[in-house]
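I have placed the structure first, in the form of structure tokens, so that the comments after it can refer back to it.
The values are calculated or read from the model by the stated rules, or taken from the named source; none is laboratory data. What you see is a predicted model, and the numbers here were worked out from it, not measured in a lab. Every residue, glycine as well, gets a Cβ built from its backbone with ideal geometry; the counts of neighbours run over all protein chains shown.
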2 protein chains.
Amino acid sequence: MSGSSGSRPMHWARWGDPRLAAPLTPAARGLVQQALGLPETDTREIPLADVRLPPVRLDGTMIARLGDVVGHDHVRTDDESRVRHTRGRSTTDLIRLRAGDAGDAPDAVVRPGSDDEVLALLSLCSNESVAVVPFGGGTSVVGGLTAEVGGHAGVVALDLARMDRLVRLDETSQTATLQAGVTGPRAEELLQRNGFTLGHFPQSFEYATIGGFAATRSSGQSSSGYGRFDDMVVGLTLVTPVGALRLGHAPASAAGPDLRQLTLGSEGAFGVITEVTLQVRPVPAQKRYEAWRLGSFTEGLDAVRALVQHGVAPTVLRLSDEAETAVGLSQPDTVGEIVGSGCQVVTGYEGSAEEVARSREATSQLLTRLGATPLGEAQGEAWAAHRFAGPYLRDSLLDAGALVETLETATYWSRLPEVYDAVRSSLVASLGQAIVLCHVSHVYATGASLYFTVATRQTDDPVGQWAEAKAAASGAVVRCGATITHHHGVGRDHRPYLAAEIGDLGVQLLRAVKERLDPAGVMNPGVLIP
Amino acid sequence: MSGSSGSRPMHWARWGDPRLAAPLTPAARGLVQQALGLPETDTREIPLADVRLPPVRLDGTMIARLGDVVGHDHVRTDDESRVRHTRGRSTTDLIRLRAGDAGDAPDAVVRPGSDDEVLALLSLCSNESVAVVPFGGGTSVVGGLTAEVGGHAGVVALDLARMDRLVRLDETSQTATLQAGVTGPRAEELLQRNGFTLGHFPQSFEYATIGGFAATRSSGQSSSGYGRFDDMVVGLTLVTPVGALRLGHAPASAAGPDLRQLTLGSEGAFGVITEVTLQVRPVPAQKRYEAWRLGSFTEGLDAVRALVQHGVAPTVLRLSDEAETAVGLSQPDTVGEIVGSGCQVVTGYEGSAEEVARSREATSQLLTRLGATPLGEAQGEAWAAHRFAGPYLRDSLLDAGALVETLETATYWSRLPEVYDAVRSSLVASLGQAIVLCHVSHVYATGASLYFTVATRQTDDPVGQWAEAKAAASGAVVRCGATITHHHGVGRDHRPYLAAEIGDLGVQLLRAVKERLDPAGVMNPGVLIP
């Protein structure tokens, strides 16, 4: 894959680089078989050649016109290209693909090389009533990439892989302008050779792109130190069917509503984000990760809250609940000094030696005062070494017959315990025998995220099984007044709940904006806007 | 004035509490007379009784219907009420009022007491084609409060003074929900009795309101530590003619575009912000202010940039250019240890003793390494003691025949020197003999604000004189690609330049939003949207 700096193309029906597959260890297999009662034998995906696709709906004339815009080499209608752009990487996306269902593959994959080509493409598709799904790393876990035709003549996936350049680096202002198709590793490569880092490391890092991070309001594992992706954005270009919007003249402004914030999170429904200008930072001279233990999740919540409210939050700050801490024990790589119950906190410090020392000292003092026990660096480094491993493990668990998925929310500190209980209860009530793990990985002065990992045994209808569980959990989130998504985005999966979050009037506003920018309604039909 | 905690009502034609007037000292008068060649005798405002107002355009029936909504005591059409709601507090606003021109006074002043009353008022005014100007502290300096009838039957000022309550304080989450009419001092009073502070101290602090801060994206003098006002907002209610928008379910979210950021900076053009939920912080146990000297503005810019890019920025961080530093010398209160040329930096530290010590040590180390000379606490405390004095001094200078006004912008660090030179040159070219002072008072990792204070001798047409200078400065800002306003807002004065900042498509988006929320176009006609 162009620009992904060593990463191989994503497996067509599994997460990531096939070389990095993570088969279950006997210990892990034993644990899940015991807990969930899984079948004896694995079931993998069917062969790629057996995947079922609908016929291409666009005729030769239209394909040729797309090629006239981007170059004929950059329009693909072959089966493999279409399968590789079918949906994203949610568990149900994978379950459907593994079973050979590419029923909503795009008709064609188009790869523009410039803003002008994107504008010409969107104008053509708008005039000819062809739907457009902007496609970066293909890592959506909320149904943000399903190629829905939406009443149009067909649908193309607009793949940004060719737009993978560092456009500008302003070392004085510490900003970098990156094209939307730059992947996480490629961004770090382009920046680090100049002494800078973005510091954005979500679990999708290896494949996800700058444009995708912006379009979905991504948040990385080092968000306490580097901020959410939307916090890093100082400017961006959104190309729509009716023209380009170029925003961001200063780090902050009082020139009316902040239209950057209307574009961030727009998920392709208004246009294509083609370029983003971001705050960057010097490559940290030091990185240290450590682990701590606190007696309970309640104590842990108080501790991470105290850190952030005292302004001493380290670069990485993660708190696992009792269940997630206990499961961590079963992984050979992370067996450490933990004995008995409790909750693990990972703290990470990145910066100059002086900054690391200052932050580590302030954090350690406060954690110690709050009753935390240090578990040392090995435990912290083990987390850092495996920070992108989760999705690989999911494939092995799917092979083994488990249903594994994640969901996330955020709320204010005073409501966190209630939201935690309500979501857990709803999942257990819906799924019956299930493992439900949770961690806090993004902390703010006023609240935090909750990230749940769920594992159960697949029924005969795993897609329906998860739909029911997800509806139960989302209902609990909405009833508690928390946000329906902290960093995964809305896509299709959260769309039914958006009105509960922003009100009917908020939904009408989004529609008004979409009508102005995308009058033909070709941009990513079916996502975001109810 | 209800809710302004000890502040008296604003003088009708001057800034602030008449008890706090700041007559020119002989030294200051000598300086400006020498520099600008002012007349020998002062000219003050004409008597209030002589101010000229247009007749009230709304008939008795409409006035009665407004009274049915808010209570008849809360609808005022007397001359003094109308004069007190005529325009804001820009220099040209004051010059017109001083000369007795209240030509664009509102027809009536209406004071709702609740969200429901605001909604009923906006619905009534929308149906009856009466324009509405939301009015908080009346401190706009960009023409945001001019009662423009905009083709409607009349115009009412919707004064939020009665909505001055603390609605909720969540001590765990450190958030407070305040009604829009709460003034700066009242907010601090309500919060500090519970042990919290907002930390928002713009120069308009004594009169400006929570709703106004939100509607204009205000930024305070302690923004390095507490953030801009828009950074503090976690939730808000915007009541529009078609219903209420209630936003903010979490400290951060990926649930699509952030509609809070479409509401912040909306300046009354979409509706009335009635309630804001804000991050608050514990009242700092310590506050320390100090001053430093650096050799030149260039060295000063490098120093404040280094502080913020190293993450050690103190709560207050201000850098005056050579001219502003020199003028500071002539004020008896701030005469200090400075000898010769150079630029003054003020650093302020607020927090627990530990936080203050940590921040002060890191800041002092870095400033010393960068060649700064400490000037001690007296110099810093003198700044803090006079932090709200500027607008009072302006009135005395207007009396003396000077034209004094401020303007501000922000840009990325690499462009700051160019913007600084261009704006200064444009002002001097337009005004001829003029004093132009500048400081940096809001710093970000990627850039900073520039705040200019300009003084010259009034011509026979000071309004036209300033319009020309402002146009020259705004042209320079736009040509350099900086933002047209960092924290004053758009109002009428910056409206001609908004399209240069957000593009024609951006303007169309704002219009689309306004059409959806305010279909009759009654909300604050003439502000914000070109």
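Looking only at region B:416-426, which residues are in contact with a Leu (Cβ under 9 Å, 6 or more places away or on another chain) and buried (at least 21 other Cβ atoms within 10 Å of the Cβ)? Within region B:416-426, B:LEU416, B:VAL419, B:TYR420, B:VAL423 meet the criteria. The residues of region A:288-303 that are under 27 Å from A:THR197 (Cα atoms) and either aliphatic (A, V, I, L, M) or in contact with a Phe, Trp or Tyr (Cβ under 7 Å, 6 or more places away or on another chain) (or both), listed by number, are A:ARG288, A:TYR289, A:ALA291. Scanning region A:43-61 for residues that are in contact with a helix residue (DSSP H, G or I) (Cβ under 9 Å, 6 or more places away or on another chain) and among the small types (Gly, Ala, Ser) yields a single hit, A:ALA49.
Note on region B:455-469: among residues that are outside any helix (DSSP H, G or I) and of a type outside the set (D, E, K, R), the one that is nearest to B:ALA410 (Cα to Cα) is B:ALA455.
Checked against the criteria, B:THR77 does not count as surrounded by fewer than 24 Cβ atoms within 10 Å (Cβ to Cβ), polar (S, T, N, Q) and under 25 Å from the mean Cα position of the chain (by Cα). Taking region A:98-133 as the range and being in contact with a strand residue (DSSP E or B) (Cβ under 7 Å, 6 or more places away or on another chain) and in contact (Cβ under 8 Å) with a residue 60 or more places away in the chain as the test, the residues that pass are A:ASP115, A:VAL118, A:LEU119, A:LEU122, A:CYS125, A:VAL130, A:ALA131, A:VAL132, A:VAL133.
Scanning region B:397-415 for residues that are within 14 Å of chain A (Cβ to nearest Cβ), buried (at least 22 other Cβ atoms within 10 Å of the Cβ) and part of a helix (DSSP H, G or I) yields one hit, B:TRP413. Give the number of residues within region A:481-509 that are touching a residue at least 12 places away in the same chain (Cβ under 8 Å) and either within 7 Å of chain B (Cβ to nearest Cβ) or under 16 Å from the mean Cα position of the chain (by Cα) (or both). The total comes to 16.
Are any residues in region B:23-59 among the acidic types (Asp, Glu) and out of contact with any Gly (no Cβ under 7 Å at 6 or more places or on another chain), and if so, which ones? Before the answer, list the steps.
Going through region B:23-59, the residues among the acidic types (Asp, Glu) turn out to be B:40, B:42, B:45, B:50, B:59.
Of everything in region B:23-59, those that are among the acidic types (Asp, Glu) and out of contact with any Gly (no Cβ under 7 Å at 6 or more places or on another chain) turn out to be B:GLU40, B:ASP42, B:GLU45, B:ASP59.
Scanning region B:8-31 for residues that are part of a helix (DSSP H, G or I), free of Cβ contacts under 8 Å to residues at least 24 places away in the same chain and within 20 Å of B:ARG387 (Cα to Cα) yields B:PRO18, B:ARG19. Going by the structure shown, is B:VAL234 part of a strand (DSSP E or B), more than 11 Å from chain A (Cβ to nearest Cβ) and of a type in the set (A, V, I, L, M, F, W, C)? In short, no. Listed conditions (1) within 22 Å of the chain's Cα centre (by Cα); (2) closer than 28 Å to A:ARG394 by Cβ; (3) hydrophobic (A, V, I, L, M, F, W, C) are all met by A:LEU190, apart from (2).
In region B:32-51, the qualifying residues are those that are in contact (Cβ under 8 Å) with a residue 60 or more places away in the chain and under 24 Å from B:VAL141 (Cβ atoms), and the one that is surrounded by the most Cβ atoms within 10 Å (Cβ to Cβ) is B:VAL32. Here are some conditions: (1) hydrophobic (A, V, I, L, M, F, W, C); (2) without any contact (Cβ under 8 Å) to a residue 40 or more places away in the chain; (3) surrounded by 24 or more Cβ atoms within 10 Å (Cβ to Cβ). B:LEU262 meets all but one. Which one does it not meet? (2) is the only condition that B:LEU262 fails. Restricting attention to region B:257-282, the residues that are touching a Ser or Thr at 6+ places or on another chain (Cβ under 7 Å), polar (S, T, N, Q) and closer than 30 Å to A:HIS310 by Cβ total 2.
Is there a residue being closer than 23 Å to B:ALA28 by Cβ, of a type in the set (Phe, Trp, Tyr) and modelled with pLDDT of 95 or more anywhere in region B:441-452?
Yes, the conditions are met somewhere in region B:441-452.
Touching a Ser or Thr at 6+ places or on another chain (Cβ under 8 Å), assigned to a helix (DSSP H, G or I) and either more than 7 Å from chain B (Cβ to nearest Cβ) or aromatic (Phe, Trp, Tyr) (or both): is that true of A:ALA472 in this structure? So A:ALA472 fits the description; yes.
For region B:481-492, filtering for residues that are crowded, with 19+ Cβ neighbours inside 10 Å and closer than 22 Å to B:ASP421 by Cα leaves 7.
For region B:112-120, the condition of being surrounded by 24 or more Cβ atoms within 10 Å (Cβ to Cβ) and assigned to a helix (DSSP H, G or I) holds for at least one residue. Screening A:GLY113 on (1) more than 18 Å from A:GLY71 (Cβ to Cβ); (2) of a type in the set (Gly, Ala, Ser); (3) out of contact with any Leu (no Cβ under 8 Å at 6 or more places or on another chain) shows it passes everything except condition (1). May I ask you to verify whether A:THR240 is more than 23 Å from B:CYS480 (Cβ to Cβ), in contact (Cβ under 8 Å) with a residue 40 or more places away in the chain and more than 7 Å from chain B (Cβ to nearest Cβ)? So A:THR240 passes the test.
Among the criteria (1) away from chain A (no Cβ under 11 Å); (2) part of a loop (DSSP other than H, G, I, E, B); (3) over 27 Å from B:GLN34 (Cα atoms), the one B:GLU418 does not fulfil is (2). Among the residues of region A:331-352, write down those that are away from chain B (no Cβ under 14 Å), more than 13 Å from A:ARG293 (Cα to Cα) and modelled with pLDDT of 55 or more. If the condition is that a residue be away from chain B (no Cβ under 14 Å), more than 13 Å from A:ARG293 (Cα to Cα) and modelled with pLDDT of 55 or more, then A:GLY348 is the only one that fits.
Filtering region A:283-292 to residues that are touching a strand residue (DSSP E or B) at 6+ places or on another chain (Cβ under 6 Å) and either buried (at least 24 other Cβ atoms within 10 Å of the Cβ) or not charged (D, E, K, R) (or both) leaves A:VAL283, A:PRO284, A:TYR289, A:GLU290, A:ALA291, A:TRP292.
Within region B:437-450, residues that are more than 9 Å from every other protein chain (Cβ to nearest Cβ) have Cβ atoms under 6 Å from residues that are among the charged types (D, E, K, R) and part of a strand (DSSP E or B) in these pairs: B:HIS439/B:ARG318; B:SER441/B:ARG318, counting only partners at least 6 apart in sequence or on another chain.
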